[in-house]
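For reference, the structure is listed below as structure tokens.
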Amino acid sequence: VAPASLDVAGSPGSPGRLIETDALVIGAGPVGLWQVFQLGLQGISAQVIDALPVPGGQCAQLYADKPIYDIPGLPVCSGRELVDRLLQQTRPIAPVFHLGQTVATLQAQDDGRFAVTTSTGQQWLARCVFIAAGVGAFLPRPLNLPEAERHQGRQLFYQAPPTGLAGQQVVVVGGDDAALQAVITLATLAAPARPASVLLLHRRAALDAEPALLQQWQALLSQGSARFEVGQIVALESSAAPGAPLVALQVVGADGAQRRLPVDSLLVLLGLSPKLGPVAQWGLALQRRQLLVDAAHFETSTPGIYAVGDVVSYPGKKKLILCGFHEATMAAFAALQRLRPDEPTLLQYTTTSTRLQQRLGVVADTTPATAEPGPGD
Ligand SMILES: Cc1cc2nc3c(=O)[nH]c(=O)nc-3n(C[C@H](O)[C@H](O)[C@H](O)COP(=O)(O)OP(=O)(O)OC[C@H]3O[C@@H](n4cnc5c(N)ncnc54)[C@H](O)[C@@H]3O)c2cc1C
């Protein structure tokens, strides 16, 4: 999925003005993307927020290259292909994506709208909110050592290589595509930006990465441009003084022996794990850490806040993409009633409705919008 093809706003670290919107979708997994499409069919434009830098949720993060066989009308497609197709389908709706930021707070306001803030400080006021948060925000798996937090952001990083590592001793922890890609990027940077040394540290000798990356990695090893150690970090070494820098790692190898690895910067790429986190703190009724919804409107315990996909609970709920698509469709109809109570909620077919086809950009929008006959007419 090429994020460049999206209308992306609100880059991390640069909070913009307050954004007012009719509909805010939290989560750009398959169900969040379908929610955007269904809202668009109803003539409601949406803003979409996701903690990840790319859309697709579990499909993109957990099984991008594995096959899915139970999407109606698509006998087989990979997780990545499904996300690509959903993005293509939402394109005419022109949603605005705000990626790489986690929704932290969601609060009802006196005027009936909802105030939302994200980890970057961006703020929204939305008339309706759709929570499609799946199993939670995918966040980097942290290094499980008490002293890790105080080095984070200065010498310890959980994301792709930060700049400014020239001449440093860099240790990359991990054994998957992301870890290998980071090593390759760092080791092949042109001088003078290149670190003095790049070492890959993984808990076992076998790496789990794409053949093309493994090939590049082998070439770097044989040229001596990168090094490899098998082991696990058991302690971060720095002097006791407050704010003292990280100077070395204590590592236990496969042989059980402990040794010291000097380090200037540590890049920990141990994969992503989902965290329901903030969703559970928004005062919405929960059942076994899922949001309780009614199965007709997919509204949570707070009117105006809808929830769809893996994050919800109702009698008979199945955590399947198809079920999430149904839920999002129903939620869009329910939201229309809330946003435009005076308009009749008509069921129209994309096959025969000129209005829907105009919204999808397949026929020119030349007529003033008027109520249309139902699907049978
Ligand atoms: C290995 C595997 C194989 C599967 N195969 C199938 C299959 O064959 N068929 C099928 O139907 N289903 C399958 N599933 C299940 C399917 O992937 C899920 O049902 C589906 O992904 C749910 O979609 P969703 O949009 O609700 O949630 P997700 O895909 O989990 O997406 C949720 C998104 O919300 C974001 N998010 C969460 N909290 C926040 C927050 N606070 N702020 C910002 N963003 C947030 C997350 O970063 C994530 O991108 C499979 C699952 C797995 C793990």
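The values are calculated or read from the model by the stated rules, or taken from the named source; none is laboratory data. The structure displayed is predicted, hence computed values, not measured ones. Every residue, glycine among them, receives a Cβ derived from its backbone with ideal geometry; neighbour counts consider all protein chains shown. Accessible surface areas use protein heavy atoms only, side chains included; no ligands, DNA or RNA. Shrake-Rupley method; radii C 1.70, N 1.55, O 1.52, S 1.80 Å.
Some values worked out for this structure:
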read-out: Single unsatisfied condition, Val135 versus (1) hydrophobic (A, V, I, L, M, F, W, C); (2) over 30 Å from Ser301 (Cβ atoms); (3) part of a loop (DSSP other than H, G, I, E, B); value: (2)
read-out: Selected residue (criterion: farthest from Ile44 (Cα to Cα)) from residues of the stretch 124-140 that are open to solvent by 20 Å² or more (accessible area, probe 1.4 Å) and away from the ligand (no atom under 14 Å from the Cβ); value: Leu125
read-out: Every residue from the stretch 271-330 that is within 9 Å of the ligand (Cβ to nearest atom), closer than 17 Å to Gly27 by Cβ, without any contact (Cβ under 8 Å) to a residue 40 or more places away in the chain and not hydrophobic (A, V, I, L, M, F, W, C); value: Lys319
read-out: Residues satisfying the stated conditions in the stretch 158-176, i.e. closer than 20 Å to Gln61 by Cα, modelled with pLDDT of 90 or more and either over 24 Å from the mean Cα position of the chain (by Cα) or more than 16 Å from the ligand (Cβ to nearest atom) (or both); value: Val173, Gly174, Gly175
read-out: Hey, Ala126 assigned to a strand (DSSP E or B), small (Gly, Ala, Ser) and modelled with pLDDT of 95 or more or not; value: yes
read-out: Number of positions in the stretch 98-118 that are more than 8 Å from the ligand (Cβ to nearest atom) and assigned to a loop (DSSP other than H, G, I, E, B); value: 6
read-out: Asp70, sole failed condition from (1) under 24 Å from Leu269 (Cβ atoms); (2) within 8 Å of the ligand (Cβ to nearest atom); (3) at pLDDT 95 or above; value: (1)
read-out: Hits in the stretch 33-65 - residues which are assigned to a loop (DSSP other than H, G, I, E, B), near the ligand (Cβ under 8 Å from one of its atoms) and not aromatic (Phe, Trp, Tyr); value: Ala51, Leu52, Pro55, Gly56, Leu62
read-out: Answer from Gln223, Gln215, Gln232 - the residue that is surrounded by fewer than 13 Cβ atoms within 10 Å (Cβ to Cβ), polar (S, T, N, Q) and within 30 Å of the chain's Cα centre (by Cα); value: Gln215
read-out: Any pair with Cβ under 6 angstrom, 6 or more apart, that starts in the stretch 35-59 at a residue that is farther than 19 Å from Arg338 by Cβ and open to solvent by 10 Å² or more (accessible area, probe 1.4 Å) and ends at one that is of a type in the set (Gly, Ala, Ser) and part of a strand (DSSP E or B); value: Ala51/Ala137
